[in-house]
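A quick write-up on the structure given underneath.
The values are calculated or read from the model by the stated rules, or taken from the named source; none is laboratory data. Keep in mind the model is a prediction, meaning the values are calculated, not measured. Here the Cβ positions follow ideal geometry from the backbone for every residue, glycine too, while neighbour counts run over all protein chains shown.
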Amino acid sequence: MSKKVLVAMSGGVDSSVAAYLLKEQGEEVTGLTMCLGSEGGGAARCCGADAIADARRVCEKLQISHFVFDYAREFEDKVIGKYVTEYGRGRTPNPCVDCNRYLKFGTLLAQAEALGFDYLATGHYAQIVREEGFFLKRPRDRVKDQTYFLYALAPAALEKILFPLASLTKDEVRAIAGKAGLPVAEKRESQDLCFVDKHNHADFMARRIPGSKPGPIVDRQGKQLGTHRGIAHYTIGKRSGLGIAHPVPLYVLSLDAAANRVVVGEKGALKARGLVAEDVHRLVEDWPPEVSAKIRYRRKAAPCDVVFAQGKITTLFKEEEEAITPGQAVVYYHGDYVLGGGTIAAVL
Amino acid sequence: MKRIYLDNAATTPTDPEVVKAMLPYFSVNFGNPSSLHTFGQEAKRAIEEERDRIASFIGASPEEIVFTSGGTESDNLALKGVALAGRGRGDHIITTVVEHHAVLETCHYLEKEGFRVTYLAVDDLGIVDPESVKKAITDKTILISVMHANNEIGSIQPIGEIGAIAAERGIPLHTDAVQTFGHLPISVDELNVSLLSASAHKLYGPKGVGILYIRKGTKIKPIMHGGEQERGRRASTHNVPGIVGLGKAVELAAQSLQEEREGLSRLRDKFIHGVLSRIEQTGLNGHPVQRLPNNVSVCVSYIEGEAMILRLDMMGIACSSGSACSSSSLEPSHVLTAIGLPHEAAHGALRFSLGRYTTEEDIDAVLEILPGIVEKLRSISPLYKKNGER
């Protein structure tokens, strides 16, 4: 008996191949693109008009129906709004986590269920396994592994989600797309934030945070070394663009929103031994003793000890980690299993 | 699963009698009407017969009918053709904000070519005020184009009154009658129009054929150049089977128009009443009375129109949305926006368009199914509050 599957399609090669594979397996597949609106001034979002048209072309090729749901308002409320607020607080937020949590695997999943679909599928590189329960695991392609962005899903959601790319590498996915003649096989990878491209980030932030104003750049002793353009323009660990002449390269160490200061120092000072995470989500209820934590998407998971207290997780790394950044997600693993994660609130 | 087709405003099924009439023109009567031999002359006779029939159907003379490839081409020919022919006298065109894209996009093109276009607003029922047309006319106005009835919300425009105003000033009035041709009685004299577009596939005819009525004396230039077909107004070998199909569709429409109009209006009103009374926080789009007999356009607050369409489609029911996120522009429909619907309500719009084969059982079935779908989708909407809840 074939299953009814709704596939979230961004118009990119990954979700297109996900839909193709499900169709090949004989499932009843329907394509859906989330319309996320457009930033004033015409900056395209990943799910903008072109993306919708691309997804539609793929669906035509696959001979499946394609629908578009409007998520512009929810995207603004739950993702962009939070992104901007967090930056204003001197944090570096992770909007992809929120988009997955609230939109794709929140509202869209609920809609899929209400519409009578058995599953919601996406083109994420991640894996769900059924053992004595449902678990989120790292996929075969370790480079593309996107489990970092998926830790905040509700555990019950795992039963309703399919990740058809779990056991494929990106190269294999491209090859499948090419062989199947999918019109997006040659499409370039999307890397940046979907709602603002990196060249316009400063303008975007200036527009969204009107209160953002210049202030001092100081060293750890509080001595002023220069002037910053507003803390929302800086990220911890960032080196370039400080505009300060100094004998050794300086890096952003922390952002002090209350005093409107950017604190800088040498690279070695970026290292820290631990962190406190808040807004904690557990995909697995009981955690084993061996835990490793990933503090950025492109960082290896590092062994650590964790202590739960008052809804927070205190995390101490076995070896110091560099540029732990408040606002980013910290995601905990046991081997390939995702245990859960949280938002970095403080650096220890 | 029984399938219920309620998207007749998009296209209609081709009537079996129409198909039957067309078939010989693919095989035995395949001639080119421009040829001098018997094959050609037989085909020529066929299309001229249909031209006569179509002309008398709208109270025109045969030589005032030009065959085209459909509604979009007819609109293009009317607007570009009259604009180019009138260039010496003026450069101003008047239309409305609720026109079909075939008219709006042609107007945008003409603006790039140096013409000025006034886009008239409509009231919240989607109707154009003839007075606003009068006020917009300048001594440079060379064309007015106002659709007969709107494809999305069904509102019927006071074309006769606008036509009288245009005639008084000696300005040609074009009307896009794609939604009304074959569905409402049309007399080009009563409507006071100089040009009228129509398409076969909206009245149970084949796709790819339509007409433009051009009143005698209207100055127009061709947009297709080539052979001498259609008295030089539209080059290209005639689509003989299509024209024969259109003629047959008109013949059938002429026989059943009045009866169909009454029957559909009754079903339409039952449908509208059913939706509005069974589902809270819904509203009718467009004019309640001055309305196409087959159009039911409603907005269901707090729901994604496409989600409803998807669910209805899964249950075998075909209708369309009012939002256009799908049609690769991200904005809701220009028509729903023009009648003042807020973005969110416009996204929850549904259009059901009934047709010749729609039965009362179909309507009952949809009225049975729709409230449950709406309730389910609303239950997961963060915005939805029941009437009375705060």
Study note, to complete from the structure: Given (1) assigned to a loop (DSSP other than H, G, I, E, B); (2) within 21 Å of B:Val128 (Cα to Cα); (3) modelled with pLDDT of 90 or more, B:Pro332 misses just (3)
Point to revise | Candidates B:Leu341, B:Leu367, filtered to the one that is more than 12 Å from chain A (Cβ to nearest Cβ), at negative phi and surrounded by 21 or more Cβ atoms within 10 Å (Cβ to Cβ) | key: B:Leu341
Practice item. Say whether the condition of being in contact with a helix residue (DSSP H, G or I) (Cβ under 6 Å, 6 or more places away or on another chain) and either at pLDDT 95 or above or under 25 Å from B:Gln255 (Cβ atoms) (or both) is met by at least one residue in the range B:34-41. Key: no
Exercise for review: Having 2 or more residues that are hydrophobic (A, V, I, L, M, F, W, C) and in contact (Cβ under 8 Å) with a residue 40 or more places away in the chain is the bar; report the strands (runs of 3 or more DSSP E) wholly within the range B:143-219 that clear it.
Suggested key: B:195-199, B:210-214
Review point. Taking into account only those residues within the range B:338-371 that are free of Cβ contacts under 8 Å to residues at least 40 places away in the same chain and among the acidic types (Asp, Glu), which is nearest to B:Leu310 (Cα to Cα)?
Key: B:Glu368
Check your understanding: Being under 30 Å from A:Arg261 (Cα atoms) and among the β-branched types (Val, Ile, Thr), is that true of even one residue in the range A:97-104?
Key -> yes
Check your understanding: So, of the residues in the range A:326-343 that are surrounded by fewer than 24 Cβ atoms within 10 Å (Cβ to Cβ) and more than 30 Å from A:Arg130 (Cβ to Cβ), which turns out to be farthest from the chain's Cα centre (by Cα)?
Key -> A:Pro326
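Okay, residues lined up against (1) assigned by TED's automatic domain parsing to the domain that holds A:Glu285; (2) at pLDDT 95 or above; (3) of a type in the set (A, V, I, L, M, F, W, C); (4) surrounded by 18 or more Cβ atoms within 10 Å (Cβ to Cβ):
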site	(1), (2), (3), (4)
A:Thr92	no, no, no, yes
A:Pro95	no, no, no, yes
A:Gly106	no, no, no, yes
A:Asp118	no, yes, no, no
A:Gly123	no, yes, no, yes
A:Lys137	no, yes, no, yes
A:Lys160	no, yes, no, yes
Study note, to complete from the structure: Selection from the range B:71-113 of residues of a type in the set (Asp, Glu), outside any helix (DSSP H, G or I) and over 15 Å from the mean Cα position of the chain (by Cα) yields B:Asp91, B:Glu113
**Study point:** Residue that is surrounded by the most Cβ atoms within 10 Å (Cβ to Cβ) [pool: residues in the range A:25-43 that are modelled with pLDDT under 95, at the interface with chain B (Cβ under 10 Å from one of its Cβ atoms) and out of contact with any Phe, Trp or Tyr (no Cβ under 7 Å at 6 or more places or on another chain)]
**Key:** A:Thr33
**Study point:** Conditions (1) modelled with pLDDT of 90 or more; (2) under 20 Å from the mean Cα position of the chain (by Cα); number of the one not met by A:Val291
**Key:** (2)
Review point. In this structure, does A:Asn100 turn out to be of a type in the set (S, T, N, Q) and in contact (Cβ under 8 Å) with a residue 60 or more places away in the chain?
Key: no
Review point. Looking at B:Ile309, is it within 14 Å of another protein chain (Cβ to nearest Cβ), in a loop (DSSP other than H, G, I, E, B), surrounded by 21 or more Cβ atoms within 10 Å (Cβ to Cβ) and more than 19 Å from the chain's Cα centre (by Cα)?
Key: no
Exercise for review: Pairs only if they're at least six apart or on different chains, beta carbon under 7 angstrom, first in the range A:166-183 and closer than 20 Å to A:Gln146 by Cα, second of a type in the set (Asp, Glu); list them, first residue then second.
Suggested key: A:Leu168/A:Asp141; A:Thr169/A:Asp141; A:Lys170/A:Asp141; A:Val173/A:Asp14
Exercise for review: For residues that are β-branched (Val, Ile, Thr) and closer than 30 Å to A:Asp118 by Cα, scanning just the range B:263-306, find the one that is surrounded by the most Cβ atoms within 10 Å (Cβ to Cβ).
Suggested key: B:Ile303
Review point. What single numbered condition from (1) free of Cβ contacts under 8 Å to residues at least 40 places away in the same chain; (2) within 13 Å of chain B (Cβ to nearest Cβ); (3) out of contact with any strand residue (DSSP E or B) (no Cβ under 8 Å at 6 or more places or on another chain) fails to hold for A:Gly81?
Key: (2)
